[in-house]
Ligand SMILES: Nc1ncnc2c1ncn2[C@@H]1O[C@H](COP(=O)(O)OP(=O)(O)O)[C@@H](O)[C@H]1O
Ligand SMILES: [Mg+2]
């Protein structure tokens, strides 16, 4: 069983704190002094904000003491203190905003770099990965992962650490200012609060995980269902699709409800602990005031410090849960980034050096999982010649082209181009040398012009038109209201199979490769158009090393050599006449196709006769 590459399920298990280390390079970006300076600035503003915040209540206390004192003519003192108090509160906010202003570029640049790295990495992963991926779930994982990183960068630096510092600072102030009974009571309340918060959060994190899992599942199903819009209609299965989607949504709903209920429980519990602590400390302060050991200002100070402390403390529960979840999301993203390229360039890989582009397959064995698809294939395409591959569906014909293109590496044997093993050259140069017209063409959801130009983005308009002419698509484009600027729809679905194939042929003509690979390139065309394009294809394969996979044998009778592939083995090879004389698999295929063609021709004559007869009558 191939394991699903990445989806919600892999978000299970205890998140590891070591994941945090991977944030380092983003928090302290190498070679980016401006960003480093911003981090330093942010830390300075952070410290300033915290210092001002913790000191602010003292202005308040002094003002209260000054007011309650008997020294009535010194009114300017409480006024000055009140002004300082207001200013300090204002400055605390200003410093916090300055901190964010300094840091925003660091965080956003990290998010951008991670998203870009992930995107590039995805394009480097093998075809195998992409055939197994679930687009909907994958895109959600990436989304959650980058969001988690953004969150972690901001909150680690600006919330957890500063809150811990503030807790320590305030406890110390209580100790120095009010004595050990106070500091101990406060420390006890804080500890109780933390223990309660962390244990409840541990318990309720599973609801959040379930939410994520169901969210990914719902998205996977929705995307897959929409991509299969036509199939859904063919079978009238809208209700079935809605039901499948609804199951995932219901799962999400259930998890979300539980998550919210448990959050309410957490909030009520936290408030209970906090306010019990508040009552305890304020009771102590009231007693101390009555005993005369502290002033009324001190009483107010204790209250202000506590209330001020409870804001970040309250936040801590939320942040703790988010951090645990972010770790999970980040791990998922990083595990995607750690996924090795299955087909990787060797460290000493060089660009391919072409000299006529002679292709040689020698004893090539290839397997999917444990199934042998190609079983000891040996053949050669001499420079500039054309070799055709024919055989029943599923014989392994397209696999040959995928191997030459190096979508997969082979199990044994070798594939060489001009004597260079394709595993020793860079994939970029190898693929640059090959032009493919695939069996199923998928287009970008953009204009016809964009899709043709994709073959060589720097081509001139004239070159694009020229390629379109060769691929016999000019006349079709001329009929469209927007011409070359017409949109082709998602995956090119607004075009017919034949039109898509002609766009694919045009862009390969534009690419002008040394090697041409046609994989049933004209299979979606009717016999007439096929014949027309055939001449264009013959023209572009002229003087180019070409490997042509065909199902209609009439299109390849001129090939220099024909390979008959069956069940992963080459069972016959030779020229058209030669293979007919052999009277084997090829000869039988030929006879069958000739019969079918004759039957079609007879039918066509019959119909045109009738047509003539009807109109004549
Ligand atoms: N990604 C894949 N994973 C597993 N099996 C595959 C995969 N792609 C193709 N196959 C199998 O390999 C065999 C050969 O496929 P292919 O080369 O596409 O045949 P064809 O000769 O029709 O072009 C088929 O039986 C197909 O089911
Ligand atoms: Mg095929």
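Okay, residues lined up against (1) over 22 Å from residue 385 (Cα atoms); (2) outside any helix (DSSP H, G or I); (3) in the same structural domain as residue 539 (by TED's automatic domain parsing):
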residue	(1), (2), (3)
449	yes, no, no
465	yes, no, no
472	yes, yes, no
476	yes, no, no
481	yes, yes, no
491	yes, no, no
507	no, no, yes
518	no, yes, yes
521	no, yes, yes
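For segment 211-227, the criterion of a residue being within 30 Å of residue 302 (Cβ to Cβ), within 37 Å of the chain's Cα centre (by Cα) and in a helix (DSSP H, G or I) is satisfied by no position.
Here residue 589 fulfils each of the conditions (1) assigned to a helix (DSSP H, G or I); (2) within 48 Å of the chain's Cα centre (by Cα); (3) at pLDDT 85 or above; (4) more than 16 Å from ligand 1 (Cβ to nearest atom) apart from (4). Annotation: residue 605 fulfils all but one of (1) under 38 Å from the mean Cα position of the chain (by Cα); (2) away from ligand 1 (no atom under 16 Å from the Cβ); (3) free of Cβ contacts under 8 Å to residues at least 60 places away in the same chain; the unmet one is (1).
Taking the criterion of being away from ligand 1 (no atom under 16 Å from the Cβ), part of a loop (DSSP other than H, G, I, E, B) and within 23 Å of residue 506 (Cα to Cα), the residues of segment 526-572 that qualify are 526, 542, 543, 544, 558, 559.
For segment 468-483, the criterion of being within 28 Å of the chain's Cα centre (by Cα) and at pLDDT 90 or above is met by no residue. Residue 357 meets all of the listed conditions (1) within 16 Å of ligand 1 (Cβ to nearest atom); (2) buried (at least 16 other Cβ atoms within 10 Å of the Cβ) but one, namely (1).
Within segment 122-133, residues that are farther than 9 Å from residue 341 by Cα reach partners that are within 16 Å of ligand 2 (Cβ to nearest atom) with beta carbons closer than 6 Å, at six or more positions or on different chains, in the pairs 127/407. Looking at residue 409, is it at pLDDT 90 or above and within 16 Å of ligand 1 (Cβ to nearest atom)? Considered against the rule, which asks whether it is at pLDDT 90 or above and within 16 Å of ligand 1 (Cβ to nearest atom), residue 409 comes out as yes. Kindly establish whether residue 497 is modelled with pLDDT under 90, crowded, with 20+ Cβ neighbours inside 10 Å and under 31 Å from the mean Cα position of the chain (by Cα). Taking the combined requirement at face value, the residue does not satisfy it. Candidates 273, 281: the one that is touching a residue at least 40 places away in the same chain (Cβ under 8 Å), crowded, with 21+ Cβ neighbours inside 10 Å and in a helix (DSSP H, G or I) is 281. Residue count for segment 557-572, restricted to those that are surrounded by fewer than 21 Cβ atoms within 10 Å (Cβ to Cβ) and within 21 Å of residue 357 (Cα to Cα): 3.
Yes/no matrix, rows are residues, columns are (1) in a helix (DSSP H, G or I); (2) assigned by TED's automatic domain parsing to the domain that holds residue 161; (3) under 23 Å from residue 169 (Cα atoms); (4) at pLDDT 85 or above:
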site	(1), (2), (3), (4)
48	yes, yes, yes, yes
56	yes, yes, yes, yes
59	yes, yes, yes, yes
73	no, yes, no, no
78	yes, yes, no, no
83	yes, yes, no, yes
89	yes, yes, yes, yes
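Residues to consider are 128, 140, 134; find the one that is surrounded by 20 or more Cβ atoms within 10 Å (Cβ to Cβ), within 16 Å of ligand 1 (Cβ to nearest atom) and within 29 Å of the chain's Cα centre (by Cα). Let's see the steps before the verdict.
Details: 128 fails: surrounded by 20 or more Cβ atoms within 10 Å (Cβ to Cβ); 140 fails: within 16 Å of ligand 1 (Cβ to nearest atom).
Among 128, 140, 134, only 134 is surrounded by 20 or more Cβ atoms within 10 Å (Cβ to Cβ), within 16 Å of ligand 1 (Cβ to nearest atom) and within 29 Å of the chain's Cα centre (by Cα).
One line per residue, one yes/no per condition, for (1) within 16 Å of ligand 1 (Cβ to nearest atom); (2) free of Cβ contacts under 8 Å to residues at least 40 places away in the same chain; (3) over 34 Å from the mean Cα position of the chain (by Cα):
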{"position": "385", "(1), (2), (3)": "no, no, yes"}
{"position": "388", "(1), (2), (3)": "yes, no, yes"}
{"position": "396", "(1), (2), (3)": "yes, no, no"}
{"position": "405", "(1), (2), (3)": "yes, no, no"}
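Of the set (1) assigned to a loop (DSSP other than H, G, I, E, B); (2) more than 13 Å from ligand 1 (Cβ to nearest atom), all apply to residue 363 but (1).
Of the listed requirements (1) more than 16 Å from ligand 2 (Cβ to nearest atom); (2) modelled with pLDDT under 90, residue 572 misses just one: (2). Of 506, 514, 521, 536, all but one fail to be within 16 Å of ligand 2 (Cβ to nearest atom) and either surrounded by 18 or more Cβ atoms within 10 Å (Cβ to Cβ) or under 25 Å from residue 356 (Cβ atoms) (or both); the exception is 521.
Count, please, the residues in segment 369-379 that happen to be more than 14 Å from ligand 2 (Cβ to nearest atom), in a strand (DSSP E or B) and within 31 Å of the chain's Cα centre (by Cα).
The number of residues fulfilling the criteria is 1.
The values are calculated or read from the model by the stated rules, or taken from the named source; none is laboratory data. All of these numbers come straight from a predicted model, not from anything done at the bench. FYI the Cβ positions are ideal-geometry reconstructions off the backbone, even for glycines, and counts take in every protein chain you see.
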